[in-house]
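Each remark here refers to the structure printed beneath this line.
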Amino acid sequence: MTRLSAAVPKPVPADSRKARRLAQKQSRKKRGRGRDTPRARQTKQSLSTLVRAEELMQQRKFREAIQLLQTGIAQAPNNIDLWLLFGLSLEGAGSHDPAYLVYKKVLELDTECVDGWLAIGRTLNATGRPEAADIAIEKCLALSRDNAEALRQRATIKFRLGECSKGLEACDAALSLKPDWEQAFYVKGMLHKSSGDMAEARAALMRAHTLKPEWVKPLYALTEITDDAGLDDLLGRLQTALAHEHADPRDKSRALFAIARVTRAQKRHDEAFAVYKQANDEIKSSFPFDKNELKAFIDETIKSFPHNIFNESAGRGSESEKPVFIVGMPRSGTSLTEQIISSHARVHGAGESPALKEIVDVLSNCSDIGVDYPRDARKLEPSALTSLAKEYLTKIEMNCPPAASRITDKLVFNFMSLGLIALLFPNASIIHCKRDAMDTCLSCYFTNFTQAKMISFAFDLDALGFYYRQYNRLMEHWDEVLPTPILHVEYEKLIADQEAESRRIIDHIGLDWDDACLKFHEQERAIITASIVQARKPIYTTSAGRWRRYEKHLAPLKDALGELSEIPTDTAT
């Protein structure tokens with residue numbers, strides 16, 4: 001999201017305001033409108049609302065600002081400035097989808113509103129729709145070619161799309177307009193990091209930090225690409241940034257995650273765990289996890305996809321063999337697996353595509369036409385399945401080279417939708433990445449996930465254990481009922497014998513072997529997940545059994561996992 005300080009209009013200097021008021025007063029007198037008309041009173045009220053709303057937003061009192069702006073819009077429904085600030089206040093409160101609808105209203109009022117197109121692009125990108133966001137930002141730049149913020153947004157979107165060279169071009173264009181813009185240097189650093197140029201990434205990220213020392217994000221990004229000799233200096237910078245007052249708990253949490261990561265790299269494991277706990281505790285109250293909601297959803301999904309539903313669906317959906325779905329828990333080896341597969345000359349890696357999630361979201365909001373997904377999965381008509389499969393393929397094939405006969409989709413949470421996947425694509429390949437339960441959960445606990453709302457279970461050891469058990473229960477169900485075979489890839493076996501496991505994976509997706517799969521770390525494709533650095537390295541085994549270094553701190557996790565904490569990976573399901 002754009003910084004509010006940048007997005008909210010800056011106050012006009014007092015002397016300029018005085019001159020402008022005088023000019024407006026003289027203009028009204030010339031036109032005979034010096035009296036206090038209803039329209040003039042409405043304008044004054046709108047200005048007062050805007051000023052007060054800006055103050056509330058600067059204080060991060062977004063809910064109060066939302067209520068104030070709703071009242072203001074009711075009184076002046078065509079005031080674009082009120083609508084724009086209303087959208088920003090919703091973004092500040094984390095309500096990106098409602099903000100998107102607000103910005104659509106702005107464009108209804110003025111189809112050439114530059115700020116409206118910019119805001120549409122920003123919210124589309126924030127909600128996982130980078131392709132659509134790219135179109136909106138291009139429209140914004142067509143109206144305002146030298147808009148530095150639009151160029152930075154374009155760079156961010158290109159990062160999400162894995163188009164690093166185009167993102168870097170946009171960054172350089174933004175910096176030509178604002179040479180000392182820390183935001184643009186940060187995005188530039190992340191683009192270099194994603195493309196594997198760590199030296200350039202360090203330079204850009206350090207420049208962003210130098211321009212704004214209290215800003216944590218560049219320092220956090222540096223923790224993975226700083227060698228041992230630079231860790232003490234980086235730790236000092238992080239502690240200074242942490243001491244700065246952070247109004248947003250996410251900023252403080254990010255600083256703590258970064259300090260913990262450096263401390264862990266220095267092999268001070270007990271100290272590192274204590275800081276990780278502090279980092280997670282700082283944020284989990286803002287993103288509560290509902291055990292009952294998750295269990296109810298898993299129960300409903302299992303009930304809604306019995307074995308015979310797949311017999312009834314024969315001949316529906318798409319016969320395409322292109323999709324390769326890589327699923328599992330976060331931090332279970334999905335990025336590594338995709339990197340290996342997408343190194344094949346006939347495979348395109350689409351990364352964490354939101355395409356299937358968007359379809360599920362649509363189905364989950366169809367109760368008004370008598371379909372309540374997943375409960376009513378059986379009610380999906382053959383024509384609907386065919387249409388949805390075509391829609392998915394259209395989205396997933398964007399930017400896909402003609403030579404690719406397989407496309408990987410590694411959005412890990414697609415494990416919840418394997419039943420729907422089997423209905424849509426009976427010939428698709430499904431790969432389930434598994435890893436030791438304790439290592440998986442601990443790795444989640446040690447990761448500062450950007451999409452905190454989607455992964456709220458990761459901030460508490462007991463919640464992590466509960467989530468893992470529900471995930472495991474659903475995967476056992478899919479193993480029993482799906483007609484589409486699932487290939488289980490165990491992380492520990494993959495790192496112990498890369499070639500044998502890689503050959504098994506390539507065989508499963510129906511392709512001939514390609515030696516490039518053994519050199520996955522040399523691949524030039526961009527990586528934007530939490531495994532951005534690991535997937536650039538050859539196979540290493542130091543992450544297996546990591547949880548044992550922290551065992552004395554993990555009683556809540558072991559209790560929540562129960563027997564799964566003791567089952568070796570090669571026999572767990």
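The values are calculated or read from the model by the stated rules, or taken from the named source; none is laboratory data. Small disclaimer: the values here were computed from a predicted structure and weren't measured. We place every Cβ from the backbone using ideal geometry, glycine too, and count neighbours over all the protein chains shown.
Of the set (1) outside any helix (DSSP H, G or I); (2) under 30 Å from GLY349 (Cα atoms); (3) among the acidic types (Asp, Glu), all apply to ASP97 but (1). Flag not set for GLY562, criterion: modelled with pLDDT of 95 or more, in a loop (DSSP other than H, G, I, E, B) and more than 27 Å from the chain's Cα centre (by Cα). Regarding ARG122, is this residue within 23 Å of LEU411 (Cα to Cα) and not aromatic (Phe, Trp, Tyr)? Considered against the rule, which asks whether it is within 23 Å of LEU411 (Cα to Cα) and not aromatic (Phe, Trp, Tyr), ARG122 comes out as yes.
In this structure, GLU149 does satisfy being part of a helix (DSSP H, G or I) and in contact (Cβ under 8 Å) with a residue 60 or more places away in the chain. Based on what the data block shows, is GLU480 among the acidic types (Asp, Glu) and more than 25 Å from GLY162 (Cα to Cα)? Criteria met by GLU480.
Taking the criterion of being in contact with a strand residue (DSSP E or B) (Cβ under 6 Å, 6 or more places away or on another chain) and hydroxyl-bearing (Ser, Thr, Tyr), would at least one residue in the stretch 437-458 satisfy it? Lay out the reasoning, then the answer.
Pass one, the stretch 437-458, residues in contact with a strand residue (DSSP E or B) (Cβ under 6 Å, 6 or more places away or on another chain): none.
Looking through the stretch 437-458, none of the residues is in contact with a strand residue (DSSP E or B) (Cβ under 6 Å, 6 or more places away or on another chain) and hydroxyl-bearing (Ser, Thr, Tyr).
Among the residues of the stretch 438-457, are any assigned to a helix (DSSP H, G or I), of a type in the set (Phe, Trp, Tyr), surrounded by fewer than 20 Cβ atoms within 10 Å (Cβ to Cβ) and within 21 Å of the chain's Cα centre (by Cα)? No; the residues of the stretch 438-457 include none that is assigned to a helix (DSSP H, G or I), of a type in the set (Phe, Trp, Tyr), surrounded by fewer than 20 Cβ atoms within 10 Å (Cβ to Cβ) and within 21 Å of the chain's Cα centre (by Cα). Among the criteria (1) farther than 20 Å from LEU385 by Cβ; (2) part of a helix (DSSP H, G or I); (3) not charged (D, E, K, R), the one PHE287 does not fulfil is (2).
Any residue at all in the stretch 388-395 that is assigned by TED's automatic domain parsing to the domain that holds ALA296 and free of Cβ contacts under 8 Å to residues at least 24 places away in the same chain?
Looking only at the stretch 388-395, we keep the residues that are assigned by TED's automatic domain parsing to the domain that holds ALA296, and these are 388-395.
Adding the requirement that they be free of Cβ contacts under 8 Å to residues at least 24 places away in the same chain leaves 394.
Yes, the stretch 388-395 has at least one match.
Would you tally the residues in the stretch 476-490 being part of a helix (DSSP H, G or I) and either of a type in the set (Val, Ile, Thr) or under 19 Å from ARG435 (Cα atoms) (or both)? Break it down stepwise before answering.
If we filter the stretch 476-490 for residues that are part of a helix (DSSP H, G or I), which is where we start, we get 476-481.
When the remaining residues are screened for being either of a type in the set (Val, Ile, Thr) or under 19 Å from ARG435 (Cα atoms) (or both), the result is 476-479, 481.
Of the residues in the stretch 476-490, 5 are part of a helix (DSSP H, G or I) and either of a type in the set (Val, Ile, Thr) or under 19 Å from ARG435 (Cα atoms) (or both).
Among the conditions (1) within 21 Å of ILE259 (Cα to Cα); (2) at pLDDT below 95, SER194 misses just one, which is (1). All conditions in (1) modelled with pLDDT of 95 or more; (2) closer than 28 Å to PHE289 by Cβ hold for ALA530, with the sole exception of (1). Scanning the stretch 357-368 for residues that are in the same structural domain as HIS488 (by TED's automatic domain parsing) and under 25 Å from GLU522 (Cβ atoms) turns up nothing. When ARG129, ARG154 are screened for being charged (D, E, K, R), at pLDDT 95 or above, under 20 Å from the mean Cα position of the chain (by Cα) and at negative phi, only ARG154 passes.
Kindly establish whether ALA272 is free of Cβ contacts under 8 Å to residues at least 60 places away in the same chain, within 28 Å of the chain's Cα centre (by Cα) and loosely packed, with under 15 Cβ neighbours inside 10 Å. The answer is no for ALA272.
Given the criteria out of contact with any helix residue (DSSP H, G or I) (no Cβ under 7 Å at 6 or more places or on another chain) and modelled with pLDDT of 95 or more, does ASP290 qualify? Yes.
Identify, please: which residue in the stretch 103-120 is part of a helix (DSSP H, G or I) and touching a residue at least 24 places away in the same chain (Cβ under 8 Å) and is, among those, surrounded by the fewest Cβ atoms within 10 Å (Cβ to Cβ)?
We begin by selecting, within the stretch 103-120, every residue part of a helix (DSSP H, G or I); these are 103-109, 114-120.
Filter once more, so that each one left must be touching a residue at least 24 places away in the same chain (Cβ under 8 Å): 106, 109, 114-119.
On the way: VAL106: 22, LEU109: 13, VAL114: 17, ASP115: 23, GLY116: 27, TRP117: 26, LEU118: 25, ALA119: 29.
Within the stretch 103-120, the match that is surrounded by the fewest Cβ atoms within 10 Å (Cβ to Cβ) is LEU109.
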